[in-house]
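Student: I'd like to ask you about the structure that follows.
The values are calculated or read from the model by the stated rules, or taken from the named source; none is laboratory data. The structure displayed is predicted, hence computed values, not measured ones. Heads up, the Cβs are rebuilt from the backbone with ideal geometry, glycines too, and the neighbour counts pull from every protein chain shown. The protein model used for the area step is the full one, side chains on, heavy atoms only, and it has no ligands, DNA or RNA in it. Shrake-Rupley method; radii C 1.70, N 1.55, O 1.52, S 1.80 Å.
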Amino acid sequence: MSDPILIHVEHPRLDAAVAPGFKDEVTTRVEQGERRVLLDLTAVQFMDSTGLGVLVSLLKRMGGDGRIAVVGAGPAVLKLLQLTRLDTLFAICGSEDEARDVLRG
Amino acid sequence: MDAPLTANAMDAKILPAAGDILRALVVDDDTMMADYVALELERLGCHAETATDFDAALATVASGVDMVVTDYQMPGRDGLNLVAAIRGRDRADKPLHIVMMTARGDEHVIRRAVDAGVDDFLYKPVDPLQLMLAVASARRAVHLHRLIQDRNAELASAHHTMRDALATLQDDIDAAASLHERLLPRPERLPWVRVAHVYKPAASLGGDSIGASNVGNGRTLFFVIDVQGHGVQASLDSFHFHHRLKQMRPTSPDELAAALASLNREILETESEIYATVLAGLVDPAAGEGWLVRAGHPAAILFDGEQQYTVEVEGGFPLGWFAGSAYTATRFAFGPGARLALYSDGLSDFRNRDGRELGAEGIGRILTECRGKPIDSIGRMVELTLAPRNSNPMLADDISLLVIEPDLGDRPLA
């Protein structure tokens, strides 16, 4: 099985200002039929509802068998993922290795 | 020069456009000279008049000309005086090209003339070729000036139109905002509870909505909706979701959970990317209980008269994300003395001047501090906490708070 695609999110604030650009960026990357994405959110300090919407649309775009693992989620991002229950759909991982294992499994 | 100069192909670029004929005035105390220059100007496609003294010249300029060709040396007030007088009453919006005729050797005059506002010089005796060049440059200047004037007029008119459109738009937005405000809980229609609220959209229109309505049997429906984004789209959606929830009029916990599930389906059917987080509840003060259903929204805080705690509600996904999302109602105690606070993350994420986040804890603290005081004091204290925001117009998010408490009046407990 090939490696999942790794997306380093470089925006410290994933909000309405950067969401459209970020969306285009990730959409292009998953458009080739990729079904497993490893999202590195280490750089993200803040995410608002629009940023969150992009992650959800990414998941939906990949269809039913798509899987997303998240590493580097800080407290604010983690709280948002828990509040919206996205933590039940995304694999929240402590390290990249762990995330790769999860995506492989 | 047999053929008129204006017919030369070389002059094509300086040909007057229809309605663009240069109106020229020739000023010289020597009438022969004035007539000669005027005639040459006519041959160059200008409409030329003559004047032989200062006063006559000024009068003609006042009637509107594009170009003045004046002699320097004239008895009484000379060409320099004339130019100064013309420029003195110049209207910035009227182009006027001034050419001065001087004798060779009058170079010392030229500097003063330029300062007075002369654009071009002709040496006497006037050579037709020199005159043609002067006219060409006058025509170009006047043409450019008129072009700029037209553009300016267009811009001014466009600006006007935009300003009017903007004013209309602002009126519409204000009207929409006031419609939204009217959705806010109305205490007089809520016989079983007392409510307080704080509602501060980030812009004139927000995506938050606060609702409370009497659904009969002593039960009150209430909710806070937070639609993703701000502005018109979010506001319209939140307005709609607000109405749908009230329309569905859930009167039991199961109906409330079902109402959120239907709204979720309805939003998905629109195939937009809009989504909303909702915390909705029902309270039955006479029975001393209530229920909450959560869709991706921050949990409510309950103050039971003694202490505050978060009402843990398992909750489902925000509305509009996934088909088949399930929601369940969680019961909580809502006896006398209880106060329940619902809020949007705009409030909990609010940071004061020191950059400290208010948090759910901060909201809980305010509930505790207002113990024993009328419910309105909570709203006032929250407003006070938010006050520094007023000095910072860059508000990050819509802010909503709804506090609800039982109001049994003289009614007996069940």
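Student: What is the dipole size for chain B, taken about its Cα centre, with +1 at each Lys and Arg Cβ and -1 at each Asp and Glu Cβ, in debye to the nearest 20?
Tutor: 1300
Student: When the C-alpha atoms of segment B:96-201 are aligned to their principal axes, what extent does each axis show, in angstrom, from largest down?
Tutor: 104, 24, 14
Student: Follow-up question, since we're still on this one. Would you kindly give the portion of the calculated P(r) for segment B:260-302 that falls above 14 Å, as a percent of all Cα pairs?
Tutor: Looking at segment B:260-302, the distances longer than 14 Å represent 57 percent of pairs.
Student: Can you give me the P(r) profile for segment B:301-377? Cα pairs, bins 5 angstrom wide beginning at 0, each as a whole percent.
Tutor: The calculated distribution, bin by bin, is 3, 13, 19, 19, 17, 14, 9, 5, 1.
Student: Once segment B:5-151 is represented by equal point scatterers at the alpha-carbon sites, with solvent omitted, what log10 I(q)/I(0) does the Debye formula produce at q = 0.19 Å⁻¹?
Tutor: Debye intensities relative to I(0), on a log10 scale: -1.15.
Student: Apply the a/c threshold of 1.5 to the C-alpha gyration tensor of segment B:183-406 and tell me whether it is rounded, prolate or oblate.
Tutor: Oblate.
Student: Something else now. Can you check what the Kirkwood hydrodynamic radius comes to for the protein assembly as shown, Cα pairs only, in Å to one decimal?
Tutor: When all Cα pairs of the protein assembly as shown are included, the Kirkwood radius is 29.2 Å.
Student: With a 1.4 Å probe on protein heavy atoms only, work out how much accessible surface B and A bury together, total over both chains, in Å² to the nearest 100.
Tutor: That pair hides around 1300 Å² of surface in total.
Student: Hey, another quick one. Could you calculate the FRET efficiency of A:Ala43 with B:His159 from 1/(1 + (r/R0)^6), where r is the beta carbon distance between them and R0 is 45 Å, rounded to 0.05?
Tutor: It comes out at approximately 0.55.
Student: If you don't mind, there's one more thing I want to ask. Accessible area per residue, 1.4 Å probe, Å², for segment A:12-105: what's the number?
Tutor: Here the residues of segment A:12-105 average 45 Å² of exposed surface.
Student: While we're on this one: Please compute the per residue accessible area over segment B:220-311 with all protein chains in place, 1.4 Å probe, rounded to a whole number of Å².
Tutor: 35
Student: State whether segment A:5-104 is rounded, prolate or oblate according to the following rule on the C-alpha gyration tensor (a ≥ b ≥ c being the square roots of its eigenvalues): a/c under 1.5 gives rounded; otherwise a/b larger than b/c gives prolate, and the remaining case gives oblate.
Tutor: Rounded, since a/c falls under 1.5.
Student: Taking accessible area as the heavy-atom solvent-accessible surface of the protein chains with a 1.4 Å probe, which residues of segment A:23-52 lose no less than 10 Å² upon going from the isolated chain to the full protein assembly?
Tutor: With the partner chains in place, segment A:23-52 has these residues losing at least 10 Å²: A:Lys23, A:Phe46, A:Ser49, A:Thr50, A:Leu52.
Student: Quick check on chain B: helices-only [θ] at 222 nm, where DSSP H runs of length 4 and up contribute -39,500 (n - 2.57) each and the sum goes over total residues. Nearest 500, please.
Tutor: Helix-only estimate at 222 nm: -13000 deg cm²/dmol.
Student: Expressed as a whole percentage, what fraction of the accessible surface of chain B belongs to carbon and sulfur atoms when a 1.4 Å probe is rolled over the protein heavy atoms?
Tutor: About 53 percent, which is the carbon plus sulfur part of the accessible surface.
Student: Taking a cut-off of 30 Å between Cα atoms, list the lysines near A:Lys79, but don't count ones fewer than 8 places away on the same chain.
Tutor: A:Lys23, A:Lys60, B:Lys200, B:Lys246
Student: Counting only other residues whose beta carbon sits under 12 Å from that of B:Pro185, what net charge do I get with K and R as +1, D and E as -1?
Tutor: +3
Student: Alpha carbons only, please: Rg and Dmax for segment B:165-204, in angstrom.
Tutor: Cα-based Rg and Dmax for segment B:165-204 come out at 13.9, 46 Å.
Student: Find the centroid of the Cα atoms in segment B:60-99 and in segment B:190-220, then give the distance between the two in whole Å.
Tutor: Between the Cα centres of segment B:60-99 and segment B:190-220 lies a distance of 74 Å.
Student: Could you state the orientation-averaged shadow area of the convex hull built on the Cα atoms of chain B, in nm² to one decimal?
Tutor: Computing the convex hull of the Cα atoms and averaging its projections yields 33.4 nm².
Student: Report the rotationally averaged projected area of segment A:45-102 based on its alpha-carbon convex hull, in square nanometres.
Tutor: Directional mean of the projected Cα hull area for segment A:45-102 stands at 3.9 nm².
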